[in-house]
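Read the structure below first, then the notes.
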Amino acid sequence: MIVIGLTGSIGMGKSTTAKMFAEEGVPVNDADAVVHDLYRTDAVAPVGEAFPGTVKDDVVDRQELSRQLSASPEKFPVLEAIVHPLVRKREVDFLTRHREAGTDLVLLDIPLLFEVKGADRVDVIVVVTCDPQIQRDRVLARPGMTEEKLAMILSRQMPDAEKRKKADFLVDTGLGLDAARKRVREIIASLKAGKTSEKKPHA
């Protein structure tokens, strides 16, 4: 079974690209979706204890949590120490299930793949990218997004140029949906044909 790691900075179109892989029949484990679920289940108690006032109606209020982290960014490691092991457990369960089922390709959608040193957990890395101005326009169009918030998010992410250097395959979403979909199909075909990189092996 080949494990694809899909990553890309905020606003690059990673979620859209992950959906395209799913539409082509590749099972996807979405780390963001897992976190959303954990904020309604297993992470509620520990997050509420570490960040008082963030739990409302037995669910982690993501906006309040984001507000507290913006005010105290030094508390990010506290949140990561709670959430990352829970996300990792769900990921292992997903991989075990598909390995036992004989699935040939699976995809782990991990926004901070490099930042959390996750490259060793996957066989192939696909980086989603686009022109920086397109990225900026997309992100600033999101509800509640500000220049300051974007700057904070980008400061916690490896620069796009570095991610591209570490990629086995690239998907440029700035060229439009049809081009991205075609690219996803090409990558799947390459992997099924045994070609696991378009470049030299990543570091």
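Some values worked out for this structure:
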{"read-out": "Residue list for segment 51-69, restricted to those being assigned to a helix (DSSP H, G or I) and open to solvent by 60 Å² or more (accessible area, probe 1.4 Å)", "value": "R62, Q63, R67"}
{"read-out": "Candidates E198, E115, E148 - the one that is acidic (D, E) and in a helix (DSSP H, G or I)", "value": "E148"}
{"read-out": "Tally of residues being open to solvent by less than 90 Å² (accessible area, probe 1.4 Å) and part of a helix (DSSP H, G or I) across segment 161-182", "value": "10"}
{"read-out": "Candidates V34, V87, V92 - the one that is within 28 Å of V171 (Cβ to Cβ), in contact with a Lys or Arg (Cβ under 6 Å, 6 or more places away or on another chain) and part of a helix (DSSP H, G or I)", "value": "V34"}
{"read-out": "Matching residues in segment 37-49 - criterion: being of a type in the set (A, V, I, L, M), buried (at least 16 other Cβ atoms within 10 Å of the Cβ) and outside any loop (DSSP other than H, G, I, E, B)", "value": "L38, V44, V47"}
{"read-out": "Residue satisfying condition, being under 23 Å from H36 (Cα atoms) and open to solvent by 80 Å² or more (accessible area, probe 1.4 Å), within set R156, R136, R185", "value": "R156"}
{"read-out": "Which listed residue, of T129, T96, T103, is over 23 Å from P46 (Cβ atoms), modelled with pLDDT of 90 or more, in contact with an Asp or Glu (Cβ under 7 Å, 6 or more places away or on another chain) and not aromatic (F, W, Y)", "value": "T129"}
{"read-out": "All positions within segment 45-61 that are under 21 Å from the mean Cα position of the chain (by Cα), closer than 21 Å to K89 by Cβ and without any contact (Cβ under 8 Å) to a residue 24 or more places away in the chain", "value": "V60"}
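The values are calculated or read from the model by the stated rules, or taken from the named source; none is laboratory data. A quick note: this is a predicted structure, and the numbers were derived from the prediction, not measured. Please note: Cβ atoms are built from the backbone with ideal geometry, for glycine as well, and neighbour counts cover all protein chains shown. Just so you know, the surface numbers come from the protein's heavy atoms only, side chains and all, with ligands and any DNA or RNA stripped out. Shrake-Rupley method; radii C 1.70, N 1.55, O 1.52, S 1.80 Å.
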